[in-house]
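Have a look at the structure below, then the notes.
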Amino acid sequence: MLGCLAATAATAQTDCSAPVLQVLHNGQAIPATGSALPASAQMRLVPAPGCPAAGSYCATGAEVTLVRAGRPVLPIMLVPQSRLDLRPLQRIAQPGDHLFVFIPYENLLVVAADGSQRPYAKPTPKPGRLDLTPDDAKGISFKWLIVQPGLGAK
């Protein structure tokens, strides 16, 4: 098994939504609305809003894709740890591109207080909800807009 991604407190799975994937640079959350592409970043899993904290989540790997005009620019990068080395992408990324970070549900684990791990059961539609979106059905993701260095999204 690959090393686990960084995680913070979260519930052992109940009715709560899947955890939220955050990407941080220098300890600050990168806004999905836009930022320049740093040389490195850190992934973190946090509980969904409104979910109590009683355990943690762990991931055995993530997929990172640089997307331009709706198409991958390079093959998907498989990342086995929480640290993202983005230096190779800095030479290629352009303002307006998106960085898509994805953790498939099969790579997501729930960690109990005693340290034991069990697979995360992917969510199913709740009564009254028509269906999960295609992305929700496969895993959790973070998509961020790449902007020119020195500029932020408005």
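The values are calculated or read from the model by the stated rules, or taken from the named source; none is laboratory data. Here the structure is a predicted model, which is why all the values come from computation and not from measurement. Methodologically, a virtual Cβ is constructed for each residue, glycine included, from the backbone with ideal geometry; neighbour enumeration extends over all protein chains shown. In case anyone asks, the SASA skips ligands and DNA or RNA and just uses the protein heavy atoms, side chains included. Shrake-Rupley method; radii C 1.70, N 1.55, O 1.52, S 1.80 Å.
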Notebook entry, point to check: Pick from segment 106-125 the residues that are closer than 20 Å to E63 by Cβ and assigned to a loop (DSSP other than H, G, I, E, B): which of them is least open to solvent (accessible area, probe 1.4 Å)?
Noted result: Y120
Margin query: Filter segment 19-40 down to the residues that are surrounded by 19 or more Cβ atoms within 10 Å (Cβ to Cβ) and assigned to a loop (DSSP other than H, G, I, E, B) and list them by number.
Written below: P19, I30, L37
Check: Restricting the search to segment 113-129, which residues are modelled with pLDDT of 85 or more and touching a strand residue (DSSP E or B) at 6+ places or on another chain (Cβ under 8 Å)?
Finding: Q117, R118, P119, Y120
Item checked: Of residues in segment 41-56 being open to solvent by less than 50 Å² (accessible area, probe 1.4 Å) and modelled with pLDDT of 90 or more, the one farthest from N26 (Cα to Cα) -> L45
Next item on the list: Test each condition in (1) surrounded by 16 or more Cβ atoms within 10 Å (Cβ to Cβ); (2) part of a strand (DSSP E or B) for L78 and report the one that comes out false.
Entry: (1)
Item checked: Within segment 130-151, considering residues that are open to solvent by 50 Å² or more (accessible area, probe 1.4 Å) and in a loop (DSSP other than H, G, I, E, B), the one modelled with the highest pLDDT -> Q148
